[in-house]
Amino acid sequence: AFLHEYRIAFPVAVDQPDHLRFAAEAINLMAQQTAATLRPRVATMSAGAASGRGLLVVARGEDLARAGLTPPVLPGKGTATGIGGNPDTDVDLGGPVGVVEAFSQQGRMVLAITGTDDWALVERSFDYIRALPTRWGSLPGDVVATGPAGDSVNLTLREGGALANDYPGDGWKWWAWLTGAAALLGLICTGYVLVSQRRHRSRLGPRVDRA
């Protein structure tokens, strides 16, 4: 099942500090789906993509593609959006999109949160999930997408089905909030420092890595 790969320490890659809250929202929802303690660890995009472990990533479509990740829905530049990893199925949505999606790649699961321009649409996708009776457990498909009109839909674009299919019941809700809060606080603090340092290095110019 999707969440099984997130029951050990797993990498979380975020492209910029103001997107950390989306990672936090995803982890909170994950905590409500399992009785296990979640142990997110902030990582760079390249390290997270290469880790081989279940990955949570928040980034623009260009950054996902640059890291070699191929989600079912890949927002591109402008209003173009890739569907199913096939250039022949690219569509022009006529506006921004906000997506929460799960997919398998190279033998591990990836939960990708991505969008174009208006990231409030990503928040609308999370609102859609939170409004369901068992949150992710109620989703039959692997993608939740919100388009320019603000309407959210749940789609199945690849084999494998739902974003999450194990739900321990509402008795775990407060436990999830308490245990999830500690993980989220560490994630946000560490993530802000890591992303800020990366931006600072980029302003100083390219770094030459030595073997």
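The values are calculated or read from the model by the stated rules, or taken from the named source; none is laboratory data. Not measured: the values here are computed from a predicted model. Glycine also receives a Cβ, built like all others from the backbone with ideal geometry; neighbour counts cover every protein chain displayed. Heads up: the accessible areas ignore ligands, DNA and RNA and are worked out on the full protein's heavy atoms, side chains in. Shrake-Rupley method; radii C 1.70, N 1.55, O 1.52, S 1.80 Å.
Each principal axis of the Cα cloud of the stretch 1-141 was taken in turn, and the coordinate range along them, longest first, works out to 41, 34, 28 Å. The H on the amide N of ASP90, modeled in the peptide plane, is under 5 Å from the matching H of ILE83, each at least 5 residues off or on a different chain. Using a simple spin-label model with pseudo-atoms 7 Å out from Cα toward Cβ, THR70 and ARG130 lie 3.5 nm apart. What a 1.4 Å probe finds exposed on the stretch 59-142 is 52% carbon and sulfur by accessible area, rounded to a whole percent. Remark: the stretch 1-148 carries 37 Å² of accessible area per residue (probe radius 1.4 Å; ligands, DNA and RNA excluded). Stretching ILE83 away from GLN16 to a fully extended chain increases their span by 21.7 nm, per 0.36 nm per residue minus the current alpha-carbon distance. At q = 0.14, 0.15, 0.22 Å⁻¹ the log10 of I(q)/I(0) for the stretch 15-57 amounts to -0.36, -0.41, -0.83, computed by Debye summation with a single uniform scatterer per C-alpha, solvent ignored.
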